[in-house]
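Participant: What follows is a single structure, and I will ask about it in a moment.
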Amino acid sequence: MPFRRLDHLDALRGLAIVWMTAYHLCFDLDHFGYLQQDFHADPFWTWQRTAIVTLFLFTAGASQAMAVGRHQEWTRFGRRWLQIAGAALLVSAGSYAMYPQSFIYFGVLHGMAVMLVIVRLTAGWGRWLWVLGSAAIALKFMAEGAHALWPGLDFLNHKALNWLGLVSRKPFTEDYVPLIPWLGVVWWGMASGLWLLRARPHWLRLRGAAVSNVVASPVIKALAALGRWSLSYYLLHQPVLIGTLMAIRALT
């Protein structure tokens, strides 16, 4: 059966991109003094960030299921992985230039680079992926309790190990997406995609009359087109937003 990119999966990623752009615009407005918000502690902002990252990582896992379903070779996976890893290094460098005290050393792209390899290696574990995903998410809360019982676990909060996510406090950084609990979201995305391949394969056939009107709507098509360029957009949107705000400040 021929596989093509799925509009509704790309559109979900595109929705995350639009939401992320709005969030980062507000973050940048706060940085330049046009807003006064606490993006690190206010639930209004922290929950939005959680939802945005969840959308990105869930679709990343589901996309890997599609790749496995069409027997994507490791060489092609490796080329895409190198792009993500290289983009993560660029994010670290750019954030260090702007926020040297809280630069991004393990953000969403860093986490994705590690998690995609793990998820790809475990793709054949079938329904156990649901269990693994649940366990990874549960570990976050178990780690918090373990720290309270055993203060000696504080070494897990150090920068050398806090990327694992088994921490009792969030590190001071502009973006932090550790393995725990986020690997669980990617595993759930992979499990959902594999279920789709197994139980609803007709949803993956070529677009046409069988595709619902909802999927064919202009909004979904626009979001899907945006979702196909998610990595490039992710790298460019902040320089554009920040550059625009700097230009506005210089002109006013």
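Participant: Can you find even one residue in the range 31-42 that is surrounded by fewer than 19 Cβ atoms within 10 Å (Cβ to Cβ) and under 19 Å from the mean Cα position of the chain (by Cα)?
Facilitator: Our first condition is that a residue be surrounded by fewer than 19 Cβ atoms within 10 Å (Cβ to Cβ); within the range 31-42, this holds for 31-42.
Those left that are additionally under 19 Å from the mean Cα position of the chain (by Cα): 39-40.
Scanning the range 31-42, I find at least one residue that is surrounded by fewer than 19 Cβ atoms within 10 Å (Cβ to Cβ) and under 19 Å from the mean Cα position of the chain (by Cα), so the answer is yes.
Participant: Test each condition in (1) farther than 20 Å from Met142 by Cα; (2) touching a Leu at 6+ places or on another chain (Cβ under 7 Å) for Leu179 and report the one that comes out false.
Facilitator: Every condition holds for Leu179 apart from (1).
Participant: Filter the range 173-202 down to the residues that are touching a residue at least 60 places away in the same chain (Cβ under 8 Å), in a helix (DSSP H, G or I) and not small (Gly, Ala, Ser) and list them by number.
Facilitator: Correct list: Leu179, Trp182, Leu183, Val185, Val186, Trp187, Trp188, Met190, Leu194, Leu196, Leu197, Pro201.
Participant: Quick check on the range 51-59. Is at least one of its residues at pLDDT 90 or above, more than 14 Å from the chain's Cα centre (by Cα) and assigned to a helix (DSSP H, G or I)?
Facilitator: no
Participant: On to the next question. Which number in (1) at pLDDT 90 or above; (2) assigned to a loop (DSSP other than H, G, I, E, B) marks the one condition that His71 misses?
Facilitator: If we test His71 against (1) at pLDDT 90 or above; (2) assigned to a loop (DSSP other than H, G, I, E, B), just (1) comes out false.
Participant: Could you check, for the range 108-119, whether at least one of its residues is surrounded by 19 or more Cβ atoms within 10 Å (Cβ to Cβ), over 23 Å from Thr173 (Cα atoms) and touching a Phe, Trp or Tyr at 6+ places or on another chain (Cβ under 8 Å)?
Facilitator: yes
Participant: Name the residues in the range 60-77 that are more than 18 Å from the chain's Cα centre (by Cα) and either loosely packed, with under 12 Cβ neighbours inside 10 Å or closer than 20 Å to Gly14 by Cα (or both), would you?
Facilitator: His71, Glu73, Trp74, Thr75, Arg76
Participant: Turning to a different aspect of this structure: Mind telling me which of the residues Ala67, Ala41, Ala93, Ala97 ends up being small (Gly, Ala, Ser) and within 21 Å of Gly227 (Cβ to Cβ)?
Facilitator: So the residue among Ala67, Ala41, Ala93, Ala97 that is small (Gly, Ala, Ser) and within 21 Å of Gly227 (Cβ to Cβ) is Ala67.
Participant: Pairs only if they're at least six apart or on different chains, beta carbon under 7 angstrom, first in the range 95-117 and outside any helix (DSSP H, G or I), second among the aliphatic types (A, V, I, L, M); list them, first residue then second.
Facilitator: The qualifying pairs are Ile104/Val91; Phe106/Val177; Gly107/Val91; Gly107/Val177.
Participant: Please go through the range 121-132 and pick out each residue that is buried (at least 18 other Cβ atoms within 10 Å of the Cβ) and either without any contact (Cβ under 8 Å) to a residue 60 or more places away in the chain or within 12 Å of the chain's Cα centre (by Cα) (or both).
Facilitator: Result: Leu132, single match.
Conditions tested, residue by residue: (1) in a helix (DSSP H, G or I); (2) in contact with a His (Cβ under 6 Å, 6 or more places away or on another chain); (3) in contact (Cβ under 8 Å) with a residue 40 or more places away in the chain.
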position: Ala135; (1), (2), (3): yes, no, yes
position: Phe141; (1), (2), (3): yes, no, no
position: Gly145; (1), (2), (3): yes, no, no
position: Trp163; (1), (2), (3): yes, no, yes
position: Ser168; (1), (2), (3): no, yes, no
position: Pro171; (1), (2), (3): no, no, no
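The values are calculated or read from the model by the stated rules, or taken from the named source; none is laboratory data. The structure presented is a predicted model; accordingly, all values stated were derived computationally and were not measured. When we count neighbours, we look across all protein chains shown, and the Cβ atoms used for this are built from the backbone with ideal geometry, even at glycine.
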